[in-house]
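Everything on this sheet refers to the single structure shown next.
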2 protein chains.
Amino acid sequence: MTGTEPRALADAIRFLSIDAIERVGEGHPGTPLGAADTVTALFTRHLKFLAREPLWFDRDRFVVSNGHGSMLLYALLHLSGYAGIGLEDIKRFRELGSPCEGHPEYAPAHGIETTTGPLGQGIANAAGMALAEAYLNRWLGPDIIDHRTYALVGDGCLQEGVGQEVISLAGHLGLGKLTFLWDDNRMTDDGAIDLALSDDMAARFRISHWHVQEVDGHDIEAVSAALLLAKADPRPSMIRCTTVIGRGLPGVEGTRAAHSARIPASLSEAARKALNWPHPAFEIPDGIRAAWRAAGERNAPEFDSWTRSVAALPPERRRLLDRLREGKLPEGWDAPLRTFRDEAARSGKAQSGIALSGELVDRLADAIPELLSGAPDLEGATQHKRKLKAFTADDQGGRYVHYGIREHAMGAMMNGMAAHGGVVPVGVTYLVFSDYLRPVLRLAAMMGLPVPFVFSHDSVGIGRNGPTHQPVEYLASLRAIPNMLVLRPADAVEAAECWEIALQNRTGPSSLIFARQALPAVRRDGAGENRSARGAYVLEEATAPRRVTLLATGSEVALAVEARRRLEADGIPTAVVSMPSWELFERQDAAYRREILGPGTVRVGVEAAVRLGWDRYLGEDGGFVGMSGFGASGAEADLARHFGLTPERVVEEVRARL
Amino acid sequence: MTGTEPRALADAIRFLSIDAIERVGEGHPGTPLGAADTVTALFTRHLKFLAREPLWFDRDRFVVSNGHGSMLLYALLHLSGYAGIGLEDIKRFRELGSPCEGHPEYAPAHGIETTTGPLGQGIANAAGMALAEAYLNRWLGPDIIDHRTYALVGDGCLQEGVGQEVISLAGHLGLGKLTFLWDDNRMTDDGAIDLALSDDMAARFRISHWHVQEVDGHDIEAVSAALLLAKADPRPSMIRCTTVIGRGLPGVEGTRAAHSARIPASLSEAARKALNWPHPAFEIPDGIRAAWRAAGERNAPEFDSWTRSVAALPPERRRLLDRLREGKLPEGWDAPLRTFRDEAARSGKAQSGIALSGELVDRLADAIPELLSGAPDLEGATQHKRKLKAFTADDQGGRYVHYGIREHAMGAMMNGMAAHGGVVPVGVTYLVFSDYLRPVLRLAAMMGLPVPFVFSHDSVGIGRNGPTHQPVEYLASLRAIPNMLVLRPADAVEAAECWEIALQNRTGPSSLIFARQALPAVRRDGAGENRSARGAYVLEEATAPRRVTLLATGSEVALAVEARRRLEADGIPTAVVSMPSWELFERQDAAYRREILGPGTVRVGVEAAVRLGWDRYLGEDGGFVGMSGFGASGAEADLARHFGLTPERVVEEVRARL
């Protein structure tokens, strides 16, 4: 063994992984040891990256979709010279505070392009990255944006529904710079893959128009040759890399146990013998370290050339690129929202909630050229395409993605687009279908990705389609997600305010929740202060010292306003509080919150959804008008009566407490 | 046209659909009109059913997976003579109170085998039904159980990830009595199918070992011949039925608009002319009606023969069958749980939560032969297989399903098994992956299906795998689902109590939530009253008039017990309330709830999850010790300290309020 043989480079990955897993007493050696050769081929010969410039905008993206193989990634990043992943960090693999966490956590400055672990998400993120690249490539030109996206993929990612959706859609959209390296080790946590799968997976890709190759994943030359061919083919590529799981652990490799085996000292010693690796734990021989560092510097000429291309851009173009890299919106992007608020306040027209959002996105799309819209086969019902061209295999400059009936892939690709940067992904579907992409919402929140998710048809107000299509538990379940900003505007003015808030929110996702039905205008003030930004505010104050506080969101604000009118007419001083966002309200100081909530007054919450969570604002004696079970199929007015979503019911609930 | 030509029978479906949609002013004519011929072939010649015996246990099951085509099903059921779907019901299509709801709602007594609408669910339910049939067929014998499962399938169901998972798994498991009729109309809501799909779908099925045929879906003879071949083939079958969406609506058929077109009078008149259907709205000529009724009576001889077979069963076998049909558990099924409680109370041993559940299911499986367990590639980590044989293509008498890495299919198949009846499906995965099957949980709750879902690894207590695998928002989001019973036991005794409650719960699903880590014994009373059944109870009362009430669930109960010990030692009389189920607690009377919650005492909730919902029990000044954001990767003890999940923190939270 000489220090710079490719196999030795791969063994360095193996032993960093073995040593880290041995030290902490747990981990998943199966993937790092099995796929070490495959990724060595990628990192040392093909991946366009520069370890000292992890945020190089035109770098190739690399995703470890089988995130339990996290040590593989940490070893790669450390060896190739990423400053954020030091040897001490690897020695603290899985210890609190180490960047080498159990599963990779999004940290692009460290070289970690996305959070993975929940299977299937990583390859869908990768497809989103490839889509973002394709759009930016057409828009900004290949001198500025021309890179590839690679994902290491395990069997789990391919079995998961979201993975299957992505295979189908990435092929359809012709994302030709996307390459999957399938770590085909024929072993899952339960045992041999044929316990649960007998598909011809290579054929599965072929029928979705992928370029498919099959190689020995331990043959670095063969993998490298396949990567060359993948680059030359215009289709997305899947390279089936046949490997042995846990390769190098005598008696364990190739078995079910390898997936998440603990590594006692005896086993790591045996591995050292078997692979002829005489070095102490965590020691990498100089020659190997130098070869890896060279790999991490390999693309310095490309980086310099790119830097020169950027420097040569006309000033306006240069500013645009800087803005996109920094994730900033263009100057004046919010002007259309203010105009819209003014118009809406003047017109006072009742309008469909989701149509309002569609019109807002239509105007925002003019102001924000990096905004890419899309929906899972609900273009007509959600109206977020309007004048945008479709993004297709033949025209990747389009800005509206027909995701097909694939909510989960849509969401996970949006996360990937946001993680890539340079684009603002907007996706819209019915609120009930947010459950289909719920794993995505959690990951967007965990990664802190600025993704606006739009959910329409937000209550029994949709009427006759019935309970399957009527959300009742979704507001609560979205509010439960940490770092998810839930916004449910009451009318056109609040709709514009909430869109402004969602696009300003750069540290996490937003869920914009819209009614299908018409929202009467409750706000007649226009483009002044964004009142929704405080989360809750007094929309209509009582005409005498307040005795009653009605707290409502979205379509129920108008209902509360009507109930207030009746109560005031009966001499009961009543305020209406509009609460478009609980999360924003919680950020206000105690004095403001007290002022709004009016402790000591009779408080009644009004929301066409379950009560869960409302008690925080209602006190122990508060009332609630909403839903206590699923909806039903019927005319909207019949349902409102049936479920008691009426001003009469609100008045009753108040009177019972006076 | 004579009344009994097959095409006329199909036209009867078309015009009932047209008339109902015209009358109410909305609906989805595309599928009822497009697939009318296809389903006429099935119902009049192949489907084993007897309209007057909708609950015949050995009937073929039929699922309209593209549930928006609900009028197709209502027309079929009405015409063939199901008493539950009268003409007046169809005239009230989509009106509040009609069984003819916007989407089909589970009502087996009416002939509606499952709730559909969210796409992909129906075909997965159908696969679950076929799996239940296969198991019961092996167990009870083909004289008693030998029927097929059919699903009408649209493009949406096949694009959805869960649909793709099911294609793969049903082929792998060799569910040979499952037949999909794909209504291949090449049109989706956004427009032509090739906007978002270019897969060769027939090949997609072939690579998963399905028998595939392609026919003209409007050619009743051709569909019928294909159905015959499907029956003869041992593999699951997919019949691609090429159709024209909205067939019969001049100017609309074959277009995107047909999917959910409104039907004005002029259009229904034009359809009457085009199809030579001169009859007034909602009128079916006698000949056609008679032919349909004959179809609904067609299997009377089979039913009689089956009834005779059942009557001829030995008494014990007969009682077994009756029990299974009624969905009752065997006499004494709960004896093992009581034994377990006694043993656990005596031993006082701390044990892993999910291992406890595994041991309970192991014992329950002996007592309940219809219990079918399974997990999505987490057999080792969740331990719910133990001595059960695997259900495989070669041995469909097995009782453990290796679902593969397909949580969503697992859940939806479990719903289908429960809807089929005769089996008790148990499925287990990590709590974080419950998001992957969340659409299923909602439908189980909506249908009122008695499905126990088991979710393990329920908090940051799992340690080093990190935030992707650490639930924090899931208890809240499960509690938000109406009719979902959420059970989070604190120790071995509560684990057995909660399993008893879950299996007794016949009107909806249960989520059984278990820690991975060891749960110290907090209950030392054995097989007496099931104290968990009241949802919350005083585990340890204060030694003097109570000043403090600690409310906790699951693994945090032991933490509260330790905090109480410290508070009591400092002379602060403190009670600990264990709250394994909020839903059950809400069913108790006000006096009991007051007694438990101790209003006027300092109340602090303790749960390693977000606070959302807790305020209901804490009052306005209550405290909470839990999580306010996502977890982290680290040793369990480090995480507990880092996130303040400690007795010290609970004591502080109390002291700040005294």
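The values are calculated or read from the model by the stated rules, or taken from the named source; none is laboratory data. Predicted, not measured: the structure shown is a model, and the values here were computed from it. Glycine gets a Cβ as well: all are built from the backbone with ideal geometry, and neighbour counts include every protein chain shown.
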- Item | Unique match (being closer than 19 Å to residue B:209 by Cβ and among the hydrophobic types (A, V, I, L, M, F, W, C)) among B:134, B:109 | B:134
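For (1) at pLDDT 95 or above; (2) touching a strand residue (DSSP E or B) at 6+ places or on another chain (Cβ under 7 Å), each residue gets a yes or a no:
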position: B:217; (1), (2): yes, yes
position: B:236; (1), (2): yes, yes
position: B:260; (1), (2): no, no
position: B:278; (1), (2): yes, no
position: B:289; (1), (2): yes, no
position: B:303; (1), (2): yes, no
- Restrict the check to segment A:610-626 and report whether at least one residue is among the β-branched types (Val, Ile, Thr) and surrounded by fewer than 20 Cβ atoms within 10 Å (Cβ to Cβ). no
- Out of (1) in a helix (DSSP H, G or I); (2) surrounded by 14 or more Cβ atoms within 10 Å (Cβ to Cβ); (3) not aromatic (Phe, Trp, Tyr), the odd one out for residue A:281 is which? (1)
- From B:527, B:590, grab the single residue that is at pLDDT below 95 and either within 33 Å of the chain's Cα centre (by Cα) or of a type in the set (A, V, I, L, M) (or both). B:527
- Note on the structure: Those residues of segment A:599-620 which are at the interface with chain B (Cβ under 10 Å from one of its Cβ atoms) and more than 22 Å from residue B:447 (Cβ to Cβ) amount to A:599, A:611, A:613, A:614, A:615, A:616, A:617, A:618, A:619, A:620
- Item | Criterion (surrounded by fewer than 22 Cβ atoms within 10 Å (Cβ to Cβ), of a type in the set (A, V, I, L, M, F, W, C), more than 14 Å from every other protein chain (Cβ to nearest Cβ) and under 20 Å from residue B:486 (Cα atoms)) met by exactly one of B:596, B:572 | B:596
- Message: Looking only at residues that are within 14 Å of another protein chain (Cβ to nearest Cβ) and touching a helix residue (DSSP H, G or I) at 6+ places or on another chain (Cβ under 9 Å) in segment B:486-517, which one is surrounded by the most Cβ atoms within 10 Å (Cβ to Cβ)?
- Response: B:509
- Query: Residues B:81, B:69, B:34: which one is modelled with pLDDT of 95 or more and within 14 Å of chain A (Cβ to nearest Cβ)?
  - Reply: B:69
- Query: Does residue B:594 count as basic (Lys, Arg), assigned by TED's automatic domain parsing to the domain that holds residue B:540 and over 21 Å from residue A:617 (Cα atoms)?
  - Reply: no
- Note on the structure: The residue that is nearest to the other protein chains (Cβ to nearest Cβ), considering only those in segment B:379-390 that are modelled with pLDDT under 95 and assigned to a loop (DSSP other than H, G, I, E, B), is B:385
- Message: I want to confirm something. Restricting to segment A:349-376 and keeping residues that are under 21 Å from residue A:129 (Cα atoms) and buried (at least 20 other Cβ atoms within 10 Å of the Cβ), which single residue is farthest from the other protein chains (Cβ to nearest Cβ)?
- Response: A:370
- Quick check: anything in segment A:7-23 within 14 Å of chain B (Cβ to nearest Cβ) and under 22 Å from residue B:631 (Cα atoms)? yes
- Only unsatisfied item for residue B:130, checking (1) under 30 Å from residue B:389 (Cα atoms); (2) surrounded by fewer than 24 Cβ atoms within 10 Å (Cβ to Cβ); (3) in contact with a Lys or Arg (Cβ under 7 Å, 6 or more places away or on another chain), is (2)
- Task: Among the residues of segment A:188-218, write down those that are buried (at least 19 other Cβ atoms within 10 Å of the Cβ), under 22 Å from residue A:252 (Cα atoms) and more than 11 Å from chain B (Cβ to nearest Cβ).
- Result: A:217, A:218
- Item | Qualifying residue in segment A:629-643 (condition: without any contact (Cβ under 8 Å) to a residue 60 or more places away in the chain, more than 7 Å from chain B (Cβ to nearest Cβ) and either part of a strand (DSSP E or B) or of a type in the set (Val, Ile, Thr) (or both)) | no
- Message: So, residue A:607, is that one surrounded by 20 or more Cβ atoms within 10 Å (Cβ to Cβ), of a type in the set (D, E, K, R) and within 35 Å of the chain's Cα centre (by Cα) or not?
- Response: yes
- Note on the structure: Of A:384, A:408, the only residue that is within 19 Å of residue A:170 (Cβ to Cβ) and touching a residue at least 12 places away in the same chain (Cβ under 8 Å) is A:408
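For every residue, the table says whether it meets (1) assigned to a helix (DSSP H, G or I); (2) touching a strand residue (DSSP E or B) at 6+ places or on another chain (Cβ under 9 Å); (3) of a type in the set (S, T, N, Q); (4) away from every other protein chain (no Cβ under 14 Å).
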| position | (1), (2), (3), (4) |
| --- | --- |
| B:90 | yes, no, no, no |
| B:114 | no, yes, yes, no |
| B:119 | no, no, no, no |
| B:123 | yes, yes, no, no |
| B:126 | yes, yes, no, yes |
- Message: What's the total number of residues in segment A:40-66 that are outside any loop (DSSP other than H, G, I, E, B) and either surrounded by fewer than 19 Cβ atoms within 10 Å (Cβ to Cβ) or among the aliphatic types (A, V, I, L, M) (or both)?
- Response: 5
- The listed residue being in contact with a helix residue (DSSP H, G or I) (Cβ under 8 Å, 6 or more places away or on another chain) and assigned to a helix (DSSP H, G or I), out of B:230, B:203: B:203
- modelled with pLDDT of 95 or more, more than 30 Å from residue A:375 (Cβ to Cβ) and more than 24 Å from the chain's Cα centre (by Cα) - does that describe any residue in segment B:183-206? yes
- Given the structure, is residue B:171 buried (at least 24 other Cβ atoms within 10 Å of the Cβ) and under 19 Å from residue B:443 (Cβ atoms)? no
- Candidates A:605, A:600, A:613, filtered to the one that is touching a Leu at 6+ places or on another chain (Cβ under 6 Å) and without any contact (Cβ under 8 Å) to a residue 60 or more places away in the chain: A:605
- Among the residues of segment A:136-184, write down those that are assigned to a loop (DSSP other than H, G, I, E, B) and more than 14 Å from chain B (Cβ to nearest Cβ). A:141, A:142, A:143, A:144, A:145, A:146, A:147, A:148, A:176, A:177
- Based on what the data block shows, is residue B:392 of a type outside the set (Phe, Trp, Tyr), buried (at least 21 other Cβ atoms within 10 Å of the Cβ) and assigned by TED's automatic domain parsing to the domain that holds residue B:460? no
